[in-house]
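Shown next, in structure tokens, is the structure this report addresses.
What follows draws every value from the coordinates through simple rules; no lab data is involved. Note that the coordinates shown come from a computational prediction; the quantities given were computed from them, not determined experimentally. When we count neighbours, we look across all protein chains shown, and the Cβ atoms used for this are built from the backbone with ideal geometry, even at glycine.
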Amino acid sequence: MGIFLVFIALLAGCAAHQQPVPAATSAGGTVEPTFEHEAVGEASIMTNQALKSYREEYVNATQHKAFAQSDVGAWSWKSNRTSIKHAIENSLIDCQKNNKRHEAEYPCKIINVNGKWAGER
């Protein structure tokens with residue numbers, strides 16, 4: 001009976017996770033999954049180290065700042081630049097250095113600029 005309850009609890013936990021939804025068929029005939037909701041805000045930060053740096057340093061950094069991250073967890077942020085454009089460029093360059101092995105498949109993207117999250121309306 002105990003094993004059965006653990007199995008049911010595991011099934012319920014799996015059902016609570018975000019499930020992929022089939023997307024359109026690609027040119028090669030394969031179906032690639034997409035997720036219904038992309039994380040926005042702090043929930044989009046993938047590693048504990050990046051989240052700690054975001055909370056303890058980036059939030060309080062001077063303007064003209066940008067935070068970049070790859071889908072495999074590489075990240076970087078820059079602040080106190082002469083323009084938003086420079087902050088974005090510098091954080092992407094640094095993130096790409098941290099993401100050399102995966103950049104072609106999982107490129108770095110800007111997720112926050114001056115406190116505003118990508119995907120926010």
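First select every other residue whose beta carbon is under 14 angstrom from the beta carbon of Asn114; then total the charges, Lys and Arg +1, Asp and Glu -1.
Residues near Asn114 contribute +4 overall.
Quickly rank 61-73, 101-113, 41-53 as a protection proxy: mean count of other C-beta atoms within 10 Å, highest first.
On the way: 61-73: 19.5, 101-113: 16.3, 41-53: 14.3.
So the peptides 61-73, 101-113, 41-53, ranked by packing, come out 61-73, 101-113, 41-53.
Can you spot the lysines whose alpha carbon is less than 22 Å from Lys52's alpha carbon? Ignore those fewer than 8 places along the same chain.
Lys65, Lys78, Lys97, Lys109, Lys116
Can you tell me, using C-alpha contacts under 8 Å and at least 6 residues apart, the relative contact order of the range 65-121 as a whole percent? Can you show the working numbers first?
On the way: 106 pairs, mean separation 23.4, N = 57.
Worked out over the range 65-121, it gives 41 percent.
Amide H to amide H, which residues 5 or more places from Ile111 or on other chains are under 5 Å from it, using H placed in the peptide plane?
Amide H neighbours of Ile111, under 5 Å, 5+ apart: Phe67, Ala68, Gln69.
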